[in-house]
Structures are given as C-alpha cells and as structure tokens.
Amino acid sequence: MASIVTFKLTSLPKKMAFPQPAEFPATAPINIEPANGNKEFKPKIQFSSSRRMVKFPQAVTTNAPTERMASKSGNSKLANYVPLFVMLQLGVVTRENEFPDQEKLEKQLKELQAAGVDGVMVDVWWGIIEAKGPKQYDWTSYRKLFQLVQKCGLKIQAIMSFHQCGGNIGDGEYIPIPDWVVAVGEKDPDIFYTNRSGTRNKEYISLGVDNLPLFGGRTAVEIYSDYMKSFRENMLDFLEAGTIIDIEVGLGPAGELRYPSYPETQGWKFPGIGEFQSYDKYLRQDFREAATKAGHPEWELPDDAGTYNDTPEKTGFFGPNGTYQTEKGKFFLTWYSNKLLEHGDQILEEANKTFLGCKVKIAAKVSGIHWWYKDESHACELTSGYYNLTDRDGYRPMARMLSRHYGTLNFTCLEMRDADQSAEAKCGPQELVQQVLSGGWTENIDVAGENALSRYDRSGYNQILLSARPNGVNKNGPPKLKMAGVTFLRLSDELLERKNFRIFKTFVKKMHADLDYSREVTDVAPLQRSKPKIPIDELLEATKPIKSFPWDEETDMSVGGTLADYLDNFFDFFSILN
C-alpha cells in the first residue's frame, strides 16, 4: 500500500494580469489519501481565490440592468449549482441506425454518473431516423440508447439534428441528410445554400425554401415539424419520466442558427472570413424583391466580399471604408441577418407547439465565431449571419426572439481565452462570450453553453467556470449571474483517462458549487405556449449595444492551476513506482 502523504500549502503565487495564462491564487490544504485502501492516489484539492472585477469596453451603454438574479431556486445553496452535461459521441448510433458497444457505453455512463454529472446531450440525426423515405421514421436504436441512459440515472438533452454530420470542426463521423432530400436537390440544387461562385452546401437545407412545398408536397418547416412530432410520440415515456429535459432544435449547419459560411469541405481554413451563402435562386429572388420594395431595384447581392480564406482588408466589402458601411451594404446585412431570425423563430414555434405541456426546455445553439471579433468589420460573424459590429449588437435580437418561446440560448467557445488565440486573427472569445451571455440575461432568458473544442486542461475548465458564474458563488443566496447549464464536449476514452478524469471530476464538483449531485436542480416545469410573435422592428430594437455585465477576473471555484498540474505529474510518477 502506498503511504499517506500530506502537504500544507500556505501560499501560492499571485495570478498575473488578465488575461495571461492562469495561475490561480489560493490558500488551501491539499490532502493526498489512498481511496478505500487502494494504491490509486486521489488528490483532494480546493482552491479559493480573491477576485477582481474586469470590464470589457462596449461601444454604447443603455439603461439595461447592471445585474440579474439568474437563479430561480429558493434554496440558498442550490441556487449556485450549475448542471453539467456531457455530449455523447457523434456516432453513438451509427449511420446504419445501429447501437453498437452498448456495454462499453454503459460503463462510461456509470462513470459519469458516479462523478456527479447531471446528464448527457446526444444528436438525434435526421439522416438516420428518416433515412428510408418521407415519414418513415425508425426510432429503435435511439430508444435503446435512451433506456440505457435512463438506467444509469442520467438526464437527456436531445438535439433535433437536421444537419449533416461531417464538414465542421471536430466532426469525426459522416452522417448526411436523408437521401430522398438529396435527390430533390439533384433536380433543384437551389434548395441548398450557395456561395457567389455557385458552390452548393448540402449540410442543411437553405432557409430560402422554408415555406416552399418542394419535398413531396411538404415544406422544409413541415418536415422539421413532422419529425419533432414523431419524436414526441415515440419518446413520450422518457418525456413523462423526466428523463428528456431539453430539446435543442437544430437550425443550421452544426445545429447552429447560422449560415454555413466557413465549411472545411469547401477548403475553408481558420481564420478565413468565410463567404455569404445567399446566392441560390430562392434567396436571390427574395433579396431582389426586398430591394425593390425599399426603392432600390438596382441593388444586387455582394460581389466584393472575397472568398473563404481571405482576410478582411483584402476585400472591398470588409476593408477600411468597405461596402458593409454603405447604405447598400447595411441593407444587405440587415436582410441577411433578418432572414436567419425569421427562420429560427418559425421553427422554434413549431417545436413549442410540439412539446407544449411537456416538462422540457426548448433551446437553440449560436456559434462562437471569435475570429475577427476585434476587427472593425467582424467579417466572419457577418458572413455567418450575425450582424454584429461595435455599434450594433447582432446577438441580443436572437435572445429576444427566443424569449417568446421560453427558449434557452446555448452558446459555444466558453473555454477559450484571448491569450490562447492567434493575434493575427484578432480573436476575442472572452469579450464575445461576455457580450452574448449579457444579452441573454438582459432579455431575461436562460443561457447555457459548451466548449468549442475538446480540452482537458485546468485553464479551459477554469474559463468555463468563470462564465458559469461570472461574479462567483453567493453563500447567502442566488448568485448575481448564473448559466442555466453547461455541456462538456465530449465523452471519449481520452476524457476517461485517469489524470484527465480526475481533473474532470473536480470540474463537475466546482460546477455544482462544491455541492453533491442534486436531481431536483434539473427538474423542469411544463413548457408554456409561445407568446405572440414579436414584430421585426421590435426585435431590431435589441441591436442597440448595451454595456456587458462585469466579469470577475477569475473564478472563485478554480480546479487549480500550474501548481496543481505539477502535483498531478508528481503523484502520477510516484503512483507508477508504487
């Protein structure tokens, strides 16, 4: 048996000025004890840190509230608890609609449950379920999966994945949209998003055909609605049991409410600005009609916005004094982003009708496009449909739209820090996360989030924890600000490696504010009917920039920093010797 070693830390080095790499100040004992008498060391490390407030500059301030009591719980302790979910593997149900490796997954799920994880998120692929033909749904493998998750005591966040798997960052599987939809596209390729050069993107049906009966008499929106209705009918027992608690509605490529402006399958590489995706005949016609109605029938779609891997200054549209700042450019960007808002609003209303009365939340995912955020043009955000500039908020209108459906805004790139990104790409993930979450809280909706890339380091975890409670834990009641939940990307053998999983379990505990797992935190009230449609002018009032809520410099629930990494390596070395 390994001997017991006890260390007493009396001081740690102070953290360097934000946003330098994390060195989290703390004064805490570290006890290293054998667990249940075996040889595996399980360090119990608790860090508490002083916090300084950091404010990122915003262009314009309004009378928005300076803080929001985000938690709805009356329990002063549980009010600080943020549920933590884990994304399952992309191909957990295969393209052939089979559910292999059930024994391995059960073992993994039990490890997650023992670690205190609240639940899992899983893509429910349209290309698998309705593969055989229109309205020919086969839920058999997903029912087996959900039964296993339920057996392991975990909740489920189900994604209505109407997009192709493959072609986006991190995709390791290929699951296309149904062949019968692709067949429609072979006769009418304009059902797919199209760039200026005419290249089609088959990841997701163009929003230009949302309401056109091109699919055997059904519209795209009707297809999505029928799919969700079938899901409810076939998964009603899991809904009634409170196992499925979240329905995230796929609204674009990668399930995100955006255009497919930066597809790796078409040669895009980071940090390219991407391309506008409005050149199919249906969106061309829509724009032509909108421009004519506005008194400018001569206006055409942009022809000076460059190609996927350009930088802003190389284009006429995004460069200094570029087209995006002209009347014509502003009109196009408003139309382009408004179409995205209308698309999301319409499909979320269908989701609300479908799941009305179920004890679930409706959610939509927004992409964390952090590159060129600090460039005046915000080029890649604009090509993706996020009309976000220094003097215009491109995200709060989405939050306002979600508010009428009682929806949750799920945002990505929570783990990223400015200091870790390319200076040449003018990245600003921290400011972007702060802006989007602040907009959601201002619109009085729940905000949730994910990490964009798989990471297992303490720095990434600490950055997520900071966003989960930007002003820390309140020991006497609800925190000032709190996310509704976080989903970790994703379950893998690498996550479950001993060192990685040891840190992850600490992360789970810190997400829960050092409290034990609580099932009641993830209990959901019945979904209410969507409120009346919000006029577009009212949605666009939310484009007026607000001052973001202040963020602490660092989390008060740190999983440790450089010293803890050093100790990990130290103890791992001696555990091998023993």
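The values are calculated or read from the model by the stated rules, or taken from the named source; none is laboratory data. Owing to the predicted nature of the structure, the values given are computational and were not obtained by experimental measurement. Methodologically, a virtual Cβ is constructed for each residue, glycine included, from the backbone with ideal geometry; neighbour enumeration extends over all protein chains shown. When the accessible area is computed, the model is the full protein with side chains, heavy atoms only, and any ligands, DNA or RNA have been set aside. Shrake-Rupley method; radii C 1.70, N 1.55, O 1.52, S 1.80 Å.
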Report summary line: Per the C-alpha gyration tensor (a ≥ b ≥ c, the square roots of its eigenvalues), region 429-483 is rounded if a/c is under 1.5, else prolate if a/b beats b/c, else oblate; here it's oblate
Report task. Compare the peptides 371-382, 513-524, 113-124 by average per-residue count of other Cβ atoms within 10 angstrom and give them in order, highest first. Result -> 371-382, 113-124, 513-524
Query raised in the report: Per residue, how much accessible area does region 440-503 show when a 1.4 Å probe rolls over the protein heavy atoms, in square angstrom?
Result: 31
**Report entry** Nonlocal amide H pairs with GLU553, under 5 Å, H built at 1.01 Å
**Finding:** ARG52, MET53, VAL54
Query - Net charge contributed by nearby residues that have their C-beta within less than 14 Å of GLY185 (K/R +1, D/E -1) - result: -2
Requested in this report: Mind listing the long-range amide H neighbours of LYS155? Cut-off is under 5 Å, sequence gap 5 or more, other chains count too, H placed in the peptide plane at 1.01 Å from N.
Outcome: GLY119, VAL120
Query raised in the report: At a probe radius of 1.4 Å, what is the per-residue accessible area of GLU264, in Å² to the nearest 10?
Result: 90
Report task. Please list 96-103, 316-323, 297-304, 396-403 highest first by mean number of surrounding beta-carbon atoms within 10 Å per residue. Result -> 396-403, 316-323, 297-304, 96-103
**Report entry** Unsatisfied cross-links (Cα-Cα over 24 Å) in the set LYS104/LYS151; LYS269/LYS510; LYS110/LYS132; LYS482/LYS533; LYS269/LYS339; LYS107/LYS499
**Finding:** LYS269/LYS510; LYS110/LYS132; LYS482/LYS533; LYS269/LYS339
Query raised in the report: Roughly what % antiparallel, to the nearest 5, for the DSSP beta bridges in region 343-488?
Result: 10
Query - Per-residue SASA entry for THR390, accessible area with 1.4 Å probe, Å² rounded to 10 - result: 80
Report summary line: So for region 380-473, using the alpha carbon gyration tensor with a ≥ b ≥ c as root eigenvalues (a/c under 1.5 gives rounded; past that, a/b versus b/c decides prolate or oblate), I'd call it oblate
Query - Cα-based reach from LYS359 at 19 Å (exclusive), listing aspartates and glutamates while leaving out same-chain residues under 8 positions away - result: ASP118, GLU233, ASP237, GLU240, ASP246, GLU248, GLU349, GLU350, ASP446, GLU520, ASP523
Report summary line: region 277-329: Kirkwood hydrodynamic radius (Cα pairs, Å) comes out at 12.0
Query raised in the report: Once you charge only the Cβ atoms, +1 for Lys and Arg and -1 for Asp and Glu, what is the size of the charge dipole of region 477-557 about its Cα centre, to the nearest 20 debye?
Result: 180
